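A quick write-up on the structure given underneath.
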Amino acid sequence: MFKKRVAFSAVIAGAILIACSSHNLGGNVLPGSSVNLPPIESDLAVTAVLPARTIGEELPSAGLGTYNSPYWHATIGGYTQTQYSQTLGFPPGTKITLRNLSKTTEHTLDVVAEIKGPPAQFPKNPTLRINAQGHGILGTGYASGIIKPGKTVTITLSKAGIYLIGCAFHYKFGMHDVLAVSKSAKPGQEATPIPKGTATPSGAPSPSPHPTYSYGDVPQR
């Protein structure tokens, strides 16, 4: 038993070092995002995930990818609650942490518009603010302000609704998404991971044995 514990600890330590070095080299492993480590035995596995009530943001081409939502009839990218781009969902009253996953690039989260339902029609050239607006409460006109690489801001989701969001710096590079604030809201299907060395994000969904859907990805019952 003692030898098994030592071997398990050594593999975990090695896997963590690999995950850290992969991100430093521009790989797909993101700080705080999901990392599935190989099991030592059939009943042993370790998973590290983004903290609850957290949104991570980064350029789709930097690792998050894009996802073509069949319900919203739109391509989303740049924001995630797990590991890769997906539509976002939280219950009203939630206080969330917005984390810039990049080590080199500044980002924002601006509310582009509030909509009633699909399709999500993202305007081509919206006017997005780089200065903070809205006093930390999500709503029409909200802007997070500039979030430095690796830094965070806190946002309170006090009002139910469906919001189109985007980055003021990288909106035209596919960094826009749907954020649903509703009792039934959950994060949507993830984008397919981008192969290393590929600059163009993929729009196909990731294969998953237990996919989850956001408030707008499937009709509510």
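The values are calculated or read from the model by the stated rules, or taken from the named source; none is laboratory data. Everything quoted here is computed from the prediction, not taken from an experiment. Neighbour counts run over all protein chains shown; Cβ positions are idealised from the backbone, glycine included.
Restricting to segment 123-163, name every residue that is within 25 Å of Phe173 (Cβ to Cβ), in contact (Cβ under 8 Å) with a residue 60 or more places away in the chain and β-branched (Val, Ile, Thr). Hits for segment 123-163 are Ile147, Ile155. When segment 90-138 is examined, which residues are found to be small (Gly, Ala, Ser) and more than 16 Å from His176 (Cβ to Cβ)? Residues satisfying the conditions are Gly93, Ser102, Gly117, Ala132, Gly134, Gly136.
Results for (1) surrounded by fewer than 23 Cβ atoms within 10 Å (Cβ to Cβ); (2) closer than 21 Å to Gly141 by Cα; (3) in contact with a Pro (Cβ under 9 Å, 6 or more places away or on another chain), shown as yes or no for each residue.
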{"residue": "Arg53", "(1), (2), (3)": "yes, no, no"}
{"residue": "Leu64", "(1), (2), (3)": "no, no, yes"}
{"residue": "Asn68", "(1), (2), (3)": "yes, no, yes"}
{"residue": "Thr80", "(1), (2), (3)": "no, no, yes"}
{"residue": "Ile115", "(1), (2), (3)": "yes, yes, no"}
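So which residues in segment 104-115 are over 17 Å from Tyr171 (Cα atoms) and either at pLDDT below 95 or not in a loop (DSSP other than H, G, I, E, B) (or both)? So that I can check it myself, show each step before the final result.
We begin by selecting, within segment 104-115, every residue over 17 Å from Tyr171 (Cα atoms); these are 104, 115.
If the condition is that a residue be over 17 Å from Tyr171 (Cα atoms) and either at pLDDT below 95 or not in a loop (DSSP other than H, G, I, E, B) (or both), then Ile115 is the only one that fits.
Considering segment 59-103, the residues that are part of a strand (DSSP E or B) and among the hydroxyl-bearing types (Ser, Thr, Tyr) include one that is farthest from the chain's Cα centre (by Cα), namely Thr94.
Please find, among Ile18, Ile40, the residue that is farther than 30 Å from Lys159 by Cβ, of a type outside the set (Ser, Thr, Tyr), part of a loop (DSSP other than H, G, I, E, B) and at pLDDT below 95. Before the answer, list the steps.
On the way: Ile18 fails: part of a loop (DSSP other than H, G, I, E, B).
Exactly one of Ile18, Ile40 is farther than 30 Å from Lys159 by Cβ, of a type outside the set (Ser, Thr, Tyr), part of a loop (DSSP other than H, G, I, E, B) and at pLDDT below 95, namely Ile40.
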